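The block underneath contains the structure these notes are about, expressed in structure tokens.
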Amino acid sequence: MERFCELNLKFPTKPEKQDEFVYLCGRMGYRTIAFNVTVDANKVFIKNQLKVDLPELRVTENPTNMRILRRLTIVVSDSNHIRAFNSPILRKFDIVAVQPKTEDLLNQCIARCNNNIQILSLDLTRPLPYRLKHTHIQPCQLNNVYVEVCYVSAIKDSATCRNIVSNCRDINWVSRSRGLLVSSGAEDPLFVRGPYDVMNLMTVFGIPFKTARAGLSTNPQAVILKGRSRSQTFNGLVEKVEGVGESLVEKLRLSKEGEEFEESASKKHKSGS
Amino acid sequence: MVRLKYRYFLVELHFTDCTVHTSLTPSHLLSTIYNAVQENFGEVGLGRTQNRIKVVYLALLTGMAVIRVPADFEKDARVCLASLVVVGRERCVCNVVHVGGTIRTCQKKLYSYSLNRLHRQMLDTPDGRERDQIRGVLERTLEEVKQLSY
């Protein structure tokens, strides 16, 4: 069963709205959602670190067992802010995205991100001030940073729809239809659309059906895993799993494999190898 | 041989609150769809769909509707339905549940979708009179559907 993910819902301050989002997204067919907090790096950059408040999840009803995550989007307008991507508060968020304002900043963010960023989101509601090239997007694909396309402004306003369609075509061309993420960016639950409707919308906007499908199912799951490996593992090698510990060790000791392992280990110890 | 082909969309309308909007009529929905076609596809789009779009079925209690569009306009019609923000005077979301070549397939899907919803609602309500009522309705509907040989 395909798991559709919606990774950009504007974080609602009222708890009732969080429930509304969960209910509607569940009815539409989404199994994972992420609430997004957008911050301007200028305002939260203090002493080479980012100081952001971790938002509280207050979902009371979750009938479809939806997985709910927290995402941070940093709007970067100065290259000094990039060194703050190592801030400890970023590890508390499940997904981190960056929104660079200029072409230079885009290149610098991707080159210096050091596995701290999972998503590159660009402002597609206006014509981009620079021409997007393969050289901008190829480093993203090498560093497993996914480029995000948000469709909500296309539904709200016809002027922004024009810009979104033209930017979508550029992004699809430049990324060679790989490494794209499709999400809504909705402030209100009534702006979220079902996954198959979104795929059809993207097809008309210029992103092929298969790419849009991947952008709603497999790519978001890769983003979530990457976020998890950044925040909960040591360099993707070692992960601390809670609640297992001694009970597992006891089981191993009592099982046959455990006995054989102990025998071979003691033999090795005696032979001095 | 040369036949006008249509596509039938089974659509679910979600509103902001759970009240039944009795002021909503099929003509409201139709005019909203035509506005969306004009906004997204202009005069050419309107020309392609003039007098061919029809709201075949609208149930306000469940929020389900069946809409007929010309077959070559299927993808574009889906874009128009996705871009619906207001119907009549109510804010709503349009979610396409099923696309079929005949009304019969949409009808079958409507039965199974409604039965699933009822079943989930029954599981969500705690034990009591309400749950028994829903169970009764489910059993009766299942029998009727069997007789229709769906």
Sort out which residues of segment B:1-17 are open to solvent by 100 Å² or more (accessible area, probe 1.4 Å) and among the hydrophobic types (A, V, I, L, M, F, W, C), and write them in order of number. B:Met1, B:Val2, B:Leu4
Whichever residue in segment A:121-168 is small (Gly, Ala, Ser) and within 14 Å of chain B (Cβ to nearest Cβ) and, among such residues, is least open to solvent (accessible area, probe 1.4 Å): A:Ala154
Name the residue, out of B:Gly63, B:Gly42, that is open to solvent by less than 60 Å² (accessible area, probe 1.4 Å) and over 20 Å from A:Arg193 (Cβ atoms). B:Gly42
When residues of segment A:83-120 are limited to those that are over 19 Å from A:Asp40 (Cβ atoms), modelled with pLDDT of 90 or more and not charged (D, E, K, R), the one surrounded by the most Cβ atoms within 10 Å (Cβ to Cβ): A:Gln118
Which residues, taken from segment A:61-71, are away from chain B (no Cβ under 14 Å) and either of a type outside the set (Lys, Arg) or touching a Leu at 6+ places or on another chain (Cβ under 9 Å) (or both)? A:Met66, A:Ile68, A:Leu69, A:Arg70, A:Arg71
For A:Asn200: the one exception among (1) over 19 Å from B:Val11 (Cβ atoms); (2) in contact with a Lys or Arg (Cβ under 6 Å, 6 or more places away or on another chain): (1)
Could you tell me whether segment B:38-55 includes any residue that is more than 28 Å from A:Pro208 (Cα to Cα) and of a type in the set (Ser, Thr, Tyr)? no
Is it true that A:Val223 is part of a strand (DSSP E or B), buried (at least 22 other Cβ atoms within 10 Å of the Cβ), of a type outside the set (S, T, N, Q) and at pLDDT 90 or above? no
Check on B:Leu29, within 17 Å of B:Arg91 (Cα to Cα), assigned to a helix (DSSP H, G or I) and more than 14 Å from every other protein chain (Cβ to nearest Cβ): yes
Cβ-Cβ under 6 Å pairs, at least 6 apart or on other chains, segment A:146-172 side closer than 22 Å to A:Val98 by Cα and in contact (Cβ under 8 Å) with a residue 60 or more places away in the chain, far side not in a helix (DSSP H, G or I) and not polar (S, T, N, Q): A:Tyr146/A:Ile119; A:Tyr146/A:Gly179; A:Tyr146/A:Leu181; A:Glu148/A:Ile119; A:Glu148/A:Leu181; A:Val149/A:Val182; A:Cys150/A:Gly185
Which listed residue, of A:Val192, A:Val182, is touching a strand residue (DSSP E or B) at 6+ places or on another chain (Cβ under 9 Å), within 14 Å of chain B (Cβ to nearest Cβ), over 14 Å from A:Leu120 (Cα atoms) and of a type in the set (Val, Ile, Thr): A:Val192
Inspect segment B:59-81 for any residue being of a type in the set (Gly, Ala, Ser) and touching a Gly at 6+ places or on another chain (Cβ under 9 Å) and give the result as yes or no. yes
How many residues are surrounded by fewer than 16 Cβ atoms within 10 Å (Cβ to Cβ) and of a type in the set (Gly, Ala, Ser) when one looks only at segment B:66-96? 2
Residue count for segment B:75-107, restricted to those that are within 9 Å of chain A (Cβ to nearest Cβ) and not hydrophobic (A, V, I, L, M, F, W, C): 6
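For every residue, the table says whether it meets (1) open to solvent by less than 30 Å² (accessible area, probe 1.4 Å); (2) in contact with a helix residue (DSSP H, G or I) (Cβ under 6 Å, 6 or more places away or on another chain); (3) in contact (Cβ under 8 Å) with a residue 24 or more places away in the chain.
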{"site": "A:Ser183", "(1), (2), (3)": "yes, no, yes"}
{"site": "A:Leu190", "(1), (2), (3)": "yes, no, yes"}
{"site": "A:Met202", "(1), (2), (3)": "yes, yes, yes"}
{"site": "A:Phe209", "(1), (2), (3)": "no, yes, no"}
{"site": "A:Thr218", "(1), (2), (3)": "no, no, no"}
{"site": "A:Phe234", "(1), (2), (3)": "no, no, no"}
Find the residue count for segment A:154-189, including only residues that are of a type in the set (Lys, Arg) and over 21 Å from A:Leu7 (Cα atoms). 3
Exactly one of B:Val37, B:Val20, B:Val56 is touching a Phe, Trp or Tyr at 6+ places or on another chain (Cβ under 9 Å), more than 14 Å from chain A (Cβ to nearest Cβ), open to solvent by less than 80 Å² (accessible area, probe 1.4 Å) and on the phi < 0 side of the Ramachandran plot, and that residue is B:Val56
Considering each of A:Val96, A:Val59, A:Val22 in turn, give the residue that is of a type in the set (A, V, I, L, M) and closer than 21 Å to A:Asp123 by Cβ. A:Val96
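The values are calculated or read from the model by the stated rules, or taken from the named source; none is laboratory data. The structure presented is a predicted model; accordingly, all values stated were derived computationally and were not measured. Quick reminder, even Gly has a Cβ in these numbers, built from the backbone with ideal geometry, and neighbours come from all protein chains shown. Note: areas computed on protein heavy atoms with side chains; ligands, DNA, RNA excluded. Shrake-Rupley method; radii C 1.70, N 1.55, O 1.52, S 1.80 Å.
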